[in-house]
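Throughout, read-outs are computed from the coordinates displayed, never taken from laboratory work. Given the structure is predicted, the values throughout are model-derived calculations rather than measurements. Glycine gets a Cβ as well: all are built from the backbone with ideal geometry, and neighbour counts include every protein chain shown.
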């Protein structure tokens, strides 16, 4: 049933996209591979768009979602030709080797899909929010930045997979949608490269550490690449033909990216800027803008209605409602200072702008996530070939479609770095395919018929082997789970930090209880009501600087908290629990129910790396014998 649900959803995306291509009058000009790959990208965005009105109307249940998927899947009759009629390219020896390597990567990705999800962000909100929406039967507004009051366009596609296929339907859906990005990348490459190099670029993309890390999880950046490629392709066609229908398609792609993540706003602005810098700027700009707003407005309007700030919390100090007791403007300022101070270590200077890619690749300075994810050595190894190629073919580049790809990538990178958000490298994954196409084509064009072609091939081989070794190391964890007879509970105990209290809590607490915890990765697996007590919510002021225990107690009572799951501080610490929760314990308001030993790992891929034992206490909040 899980695989059926994921495949039905894939057919729905293909059908919805094919219908969109027919309405726009584009399908008649497409080759079969373009038609299939671009239709999936467009339909992927349309599916998320269509689920939003169903969700806010309170009809998130199996029957409406199944009807939507079946109705959308009927559109596959518009695809041309059928798979049997597609002429598959002939493969030489190297082509067959690349297919085998891609098959190995696919097997490892399937192993990940067969295992329970374990990524912290995925468990904290990527999968947890769709789970909450389904449990409520509707999309409820969640007043939390970063993981609650954000665009959920891609997350909406997780809802039918989870509803109809359960957890495995969801993990297989992330597998399919992640590989769809690689398929579209291959199709775009074929316009400029041969079969072998196109397969190579797809393989490099799939084995980039950042994609290995997030592609099979609920993280949305790999899937957002579908919208970037759809937009870039449509814009080049708009420039080549002058037809406004391609500008409309580009606007849909950029709008779907907007609806998936706030960084999509940066891409939309850059795309619009590029579109209006050409001779048909007025017609194309109007078409692009209308489609952009239609595709991307939903979640921004949703935020504006509930908070006053469409991009909550970025403009909350100026646009936010003053009567939001759960998110006052004073707390908003505190949150932003804490968040941006930890997420953007590099100063936003021209030097840092140039330095960042090298720092992220080589680990020259500490950056968020670069110890685990990155873009691999491909760009750095190809850089000399690319520089020479750009110089030699500079006149041709100015007239070619790849200039649009390069400008879109560069504008997004500059806007992202200067814009003041997080400097996590995985936020650049959506434009990575455009970067890979431009770099590969420039390097190959310069090295053609030159003795230095061998170093280029060698650099590519080194990249593929290194990244596939990383893929293998990442996949061993899932291979062990499936071959060693490990139970689901044992796998989660081994892969999810602080998981050991969860089974006991689920078995012994009920729907009338509510647990406050400080471990976001527990949200998805906790089956009782819970609250993640971080600074991303203001219901309970969890800042370490808080010293008023009475206010903390009243906030906990008002929020309906019955239990606290707290990390026990090491022996010799002045307080038993972390700040400010230790105040309640010191006041006699917390009574220990149970103690749990658990292990905290630095890496799931390398579990022996800095693993340490921790102690968690589950404490009951006293309502009778505590100061009020």
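Taking all Cα-Cα distances within region 4-71, those exceeding 15 Å account for 53%. Put in line by how crowded their Cβ is, counting other Cβ atoms within 10 Å and starting with the fewest, 589, 277, 13 read 277, 589, 13. Principal-axis analysis of the Cα atoms of the chain puts helix 2-24 at an angle of about 50° to the longest axis. Principal-axis analysis of the Cα atoms of the chain puts helix 298-307 at an angle of about 30° to the longest axis.
Rounded, prolate or oblate: which fits region 159-312, taking a ≥ b ≥ c as square roots of the Cα gyration tensor eigenvalues, rounded meaning a/c under 1.5, else prolate when a/b beats b/c? Please list the in-between numbers first.
On the way: a/c = 2.27, a/b = 1.11, b/c = 2.05.
Taking the square roots of the gyration eigenvalues as a ≥ b ≥ c, region 159-312 is oblate.
How would the chain be classified by its alpha-carbon gyration tensor: rounded, prolate or oblate, with rounded meaning a/c under 1.5 and the a/b versus b/c comparison settling the rest? The shape class here is prolate.
Report the semi-axes of the equivalent ellipsoid for region 393-523 in whole Å, largest first, where each axis is √(5λ) for an eigenvalue λ of the Cα gyration tensor.
Numbers: eigenvalues 437, 116, 18 Å².
Those come to 47, 24, 10 Å.
Please give the peptides 193-202, 539-548 ranked by average Cβ packing (other Cβ atoms within 10 Å per residue), highest first, as a rough proxy for protection.
Numbers: 193-202: 21.2, 539-548: 15.1.
Order by mean packing, descending: 193-202, 539-548.
Would region 223-353 count as rounded, prolate or oblate if I go by the C-alpha gyration tensor, calling it rounded below 1.5 in a/c and otherwise prolate when a/b exceeds b/c, oblate otherwise?
prolate
Put simply, the Cα atoms of region 189-228 extend 32, 20, 10 Å along their principal axes, the longest span coming first. Of interest is the spacing of the C-alpha centroids, which for region 561-598 and region 96-170 amounts to 33 Å. Report note on the peptides 402-414, 337-349: ranked by the mean count of other C-beta atoms within 10 Å, highest first, their order is 402-414, 337-349. Relative to the longest principal axis of the C-alpha atoms of the chain, give the angle of the C-alpha long axis of helix 93-114, reported between 0 and 90° and rounded to the nearest 10°. Value to nearest ten degrees: 20. Just report the Cα centroid separation between region 530-547 and region 458-519, whole Å. Computed from Cα coordinates, the inter-centre distance equals 27 Å. Mind jotting down the distance between the C-alpha centroids of region 297-340 and region 255-275, whole Å? About 21 Å separates the Cα centre of region 255-275 from the one of region 297-340.
With the highest mean first, a sort of the peptides 136-144, 375-383, 115-123 on other beta-carbon atoms found within 10 angstrom per residue produces 115-123, 375-383, 136-144. Of all DSSP bridge pairs formed entirely within the chain, close to 75 percent run antiparallel.
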